[in-house]
Structure formats: C-alpha cells, structure tokens
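Some notes on the structure that comes next.
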Amino acid sequence: MTPRLNLDALARLPAGVRCPDYDFLNLSIGVVHLGLGAFHRAHQAVYIENALRSSGGDWGILGASLRHADVPSAMAAQQQLYTVETLGSICSYQIVAAVRASLTATTQRAQLLSALSSPRTHIVTLTVTEKGYCLGMDGELDVANAAIAHDLAYPGEPSTAVGWIAAGLEERYQSHRRPVTVISCDNLQANGAKLRRAVAAFVERSRPEMLPWLSDNVAFPQTVVDCIVPATTAVSRARVAETLGVHDLACVQREAYSQWVIENCFAGPRPAWEQSGVQVVADVTDYARLKLHVLNTCHSALAYLGLPRGYSFVREAMADTDLAQFLEALVSTEITPALAPLAVRGYWQAVRSRFANPQIDHRLSQIAQDGALKLGERVFPLMIANAAAGVPVRCLARIVHGWLELKRADLDAALEDPTLLPPTIRTNSTLRAAISAAIT
C-alpha cells in the first residue's frame, strides 16, 4: 500500500522533488486565508512558500474552508504538507509547507476568530469566487442576500467571507486595534475596493462605531491573480502517487505560468513577496483589465460556445478551427479597441498558447459556473463601452447568447430578467438587438 505524504516521507521522496528547506515546523501564523481551495494552494501559498525559502519570516498560513471539511481533513492527515504538480512539456513537483494549520469554519469558529484577531496576523487573504462576496448587480454588498442577512442578524455565527472578516475586525478592535491588510485574490475588477466597500457596508449596519478605525487601520489592496488551476482528479492524484511514491489527498495541479500583482497599499508588515516573483506596484488597473477582459472573457467564450459542441476541456475547444477564429475576431475587433492603448495583441498570443497546453485538463463546466456574476465582470463592461463608442459588439453578444442558451433561458424573458442582465444591458436597444441576433 502506498504511504501517505507526511513528515517522515519527505526524506524518501525522489531527488527531483523540491522540498521545503527552511524551519517550517517552528513557523508562526502570520497569514489567515479564507477559502482553502485548489487555487490558493497552487498560487498564493506557493508564492509565500518561496518567499519563506528565500527570506524567512513568520508567515505561516492558517487556511480556513468556509463550508467543507474535506481539504482541512486531508491536510491534517498529512501534517499540513501537500504537493503542487506543475504541468508542461516537463512536469515538476514541489512540496509546500507554508500552510501550518487548516480548519473548517463551520465547526471551528473559535479557532478561526482567534486567528483573524490575533496581533500576530498581519495579512488576511481570500479566494471565495465572485459569488462569495455577496455583491449585487451594482457591485455593492447585497444586504438582502440571505447569507448576509443571517450574518447581520447573528454576527457571532458568520457564514460569509464578509461576515467573517467583519467579526475578526471587531475582535481586533475590541482587544488591541492593531492594523491588518485584507487581500482579495478573486477575479473581480477593483477587487480590493469592492471588498472594502462591502466590509464597510456590513460594519455600518452592525458595528458603526468601528468605521473610523477601519478606515485608518485596515488596507484592502487591489490585486490581479493568474494561474490556470484545473480541479484535482483521480488521474492527477494517481500521477502524483506514481511519481513521488506517496499518496497525497491534498495535491493540486497547475500550469507553469503564474502571476500575482498587488497594489502597494499595506497596513503593516508583509512577506518579502518580491523575492518570490510577486509584482508590488502602484496601480494594478492595466494588469487587471488585460486579465479580466482578455483571458477571462475568452475563457467564458470557450465555455459557453464549446460545451454545446461537446467539448469538455479548454484545450479541446481551442483546437476547434471555428472557435479559434471566433476568438481571434473577438480579440482584434472588440476587445482591443475597448482596452486601447494596452498591448492586447502580445498578451493574447501568450494566453492563446496557455489555453492550448495539452497537459492541462481545464474543464469548461468549471469555467461556466456563476455566469451572471462572471459576465458582469468580464463581458458586460466591454459591451457597454463598445456600444457607446460605436465599436462592434457582435462577438461579445454571441458569448451572452451562448450563456443564455446553455441555461435554457427563454431569450425574450431573459432580456427582461434583472437577475440575469443588469439594467445597463436590458435598457440598451443596441445591445439587446445584438444578443437577440447572435448565432451560437
């Protein structure tokens, strides 16, 4: 029987596996992460791991799953170690030890609240997807959302990321009032600003006396994150087991490319992220526009147009001549004008090769989830800008049409449905006509 990955197994791993070479067992928690999914473990945790290897510091991560216990349970059984498999022409393997504790928020509330409020915690990061921010169509906190309404009524029993952040900030406010930096790592335009406004709106309704302290002591930098991280499968686990000789139930797979851009806006200490490749910059806007409106928009296009053609993976859809030509037209005639003067062409050429990576099984069904929220960030802003400037929207409209067809939504009803389309789309006759006329 193949043994589990753990501390004893580290010394027996093949020579080519990159193992932690720092004193991780005595690492203190300096970062709390909400949303202990595959993306965090394959992206932010790897950057922190490599910063620890090069520069040290007490930047151990406590990772919290807000709902499910499967990842924390797997991590605990492996003494918090896990494998990152990087897929390319040559695959590489790294054991990450930066996550020093993991828990499930629903059953370990006291531990998570203690970590969020600890004076040793200087950074809180989160990856909870667009849906996890509980924002309305206007990008502000949806106080009518059932989960937010619950957290406002029962602040001691938070269930949402915003509720947990507010609860942790209240504990900090009551106990020591030290500053903290809260970093959104999700694909939201102006993610830091939206999170800041959401937390402030929550606090205004629950603990208004905290608002001046929050404004002066809590930073919400904008970020851009980029790395294709397919869901872990039985096949990827078997590949890791065969290569490493150990069974790893917390392993993740990812592409070689990775980017993390963070606005230089911190309330206190932070890891030496630059040493591990993080770009700390004054303004992330241009990076964010390229990522959301080129890579993410084209991902959505492949999902909503590729699934009806019977494709399962991004690489399969990219091999379809019609879809590849559609993406070329989309980028050149509709995305590039909207993002001028950014260097869209060169960025797209790099993205196109990443999409075609034969080693990456990135499921279109995974990308297609939460379409209303994703298109609201990726596609609708481009349509509105292009319509105002007299630039074509035919390709963008085809993406929306494909999404509505995939939802089996009645087109005429969908064009009137505020839960599907924002008023800026529903009341624009040019955009409505384009969506109606689109052929998928």
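The values are calculated or read from the model by the stated rules, or taken from the named source; none is laboratory data. Please read these numbers as outputs of a predicted model, since none were measured by experiment. Cβ atoms come from the backbone with ideal geometry, glycine included; neighbour counts cover every protein chain shown. Surface areas here come from the heavy atoms of the whole protein model, side chains and all, with no ligands, DNA or RNA. Shrake-Rupley method; radii C 1.70, N 1.55, O 1.52, S 1.80 Å.
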* To do: Taking the options R53, R67, name whichever one is open to solvent by 30 Å² or more (accessible area, probe 1.4 Å), part of a helix (DSSP H, G or I) and of a type in the set (D, E, K, R).
  => R53
* Check the stretch 92-104 and report whether any residue there is out of contact with any strand residue (DSSP E or B) (no Cβ under 6 Å at 6 or more places or on another chain) and open to solvent by 60 Å² or more (accessible area, probe 1.4 Å). => no
* Structure fact -> Reported set for the stretch 171-208 where residues are charged (D, E, K, R) and within 26 Å of G136 (Cβ to Cβ) is D186, K194, R196, R197, E204, R205, R207
* Subset of the stretch 119-135 that is out of contact with any Ser or Thr (no Cβ under 9 Å at 6 or more places or on another chain) and under 14 Å from H33 (Cα atoms) - its residue that is most open to solvent (accessible area, probe 1.4 Å) -> T129
* If you check D58 against the conditions, is it more than 30 Å from I425 (Cβ to Cβ), open to solvent by 10 Å² or more (accessible area, probe 1.4 Å), of a type in the set (D, E) and part of a loop (DSSP other than H, G, I, E, B)? -> yes
* Would it be correct to say that R237 is basic (K, R) and out of contact with any strand residue (DSSP E or B) (no Cβ under 9 Å at 6 or more places or on another chain)? -> no
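Quick check on A193: is it in contact with a strand residue (DSSP E or B) (Cβ under 6 Å, 6 or more places away or on another chain) and either closer than 30 Å to D361 by Cα or open to solvent by less than 50 Å² (accessible area, probe 1.4 Å) (or both)?
Spelling it out, it is not the case that A193 is in contact with a strand residue (DSSP E or B) (Cβ under 6 Å, 6 or more places away or on another chain) and either closer than 30 Å to D361 by Cα or open to solvent by less than 50 Å² (accessible area, probe 1.4 Å) (or both).
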* Asked: Quick check: anything in the stretch 261-277 closer than 25 Å to H150 by Cα and out of contact with any strand residue (DSSP E or B) (no Cβ under 7 Å at 6 or more places or on another chain)?
  -> no
* **Within the stretch 406-440, tally of residues that are in a helix (DSSP H, G or I), closer than 23 Å to L302 by Cβ and of a type in the set (G, A, S)** => 4
* Asked: So, in the stretch 203-244, of the ones that are in contact with a helix residue (DSSP H, G or I) (Cβ under 8 Å, 6 or more places away or on another chain) and over 29 Å from Y287 (Cα atoms), which residue ends up surrounded by the fewest Cβ atoms within 10 Å (Cβ to Cβ)?
  -> L211
* Structure fact -> Considering only strands (runs of 3 or more DSSP E) wholly within the stretch 192-268, the ones with at least 1 residues that are closer than 22 Å to E130 by Cβ and among the basic types (K, R) are 252-255
* Asked: Taking the stretch 133-167 only, how many residues are within 29 Å of F380 (Cα to Cα), out of contact with any Phe, Trp or Tyr (no Cβ under 7 Å at 6 or more places or on another chain) and not in a helix (DSSP H, G or I)?
  -> 12
* Structure fact -> By residue number, the members of the stretch 27-51 that are in contact with an Asp or Glu (Cβ under 9 Å, 6 or more places away or on another chain) and under 18 Å from L7 (Cβ atoms) are L27
* the stretch 327-349: number of residues that are in contact (Cβ under 8 Å) with a residue 40 or more places away in the chain and part of a helix (DSSP H, G or I) -> 11
* **Set Q359, Q366: member being modelled with pLDDT under 95, closer than 18 Å to D226 by Cα, over 20 Å from the mean Cα position of the chain (by Cα) and polar (S, T, N, Q)** => Q359
* Identify all residues within the stretch 269-288 that are part of a helix (DSSP H, G or I) and within 16 Å of P221 (Cα to Cα); write none if there are none. => W273, E274, T285, D286, Y287, A288
* **Members of the stretch 295-316 found to be closer than 23 Å to V393 by Cβ and either surrounded by fewer than 23 Cβ atoms within 10 Å (Cβ to Cβ) or not hydrophobic (A, V, I, L, M, F, W, C) (or both), listed by number** => L295, N296, T297, H299, S300, Y304, G306, L307, P308, R309
* Structure fact -> How many residues of the stretch 158-188 are out of contact with any strand residue (DSSP E or B) (no Cβ under 9 Å at 6 or more places or on another chain), over 19 Å from A219 (Cβ atoms) and either open to solvent by less than 20 Å² (accessible area, probe 1.4 Å) or at pLDDT below 95 (or both)? The answer is 3
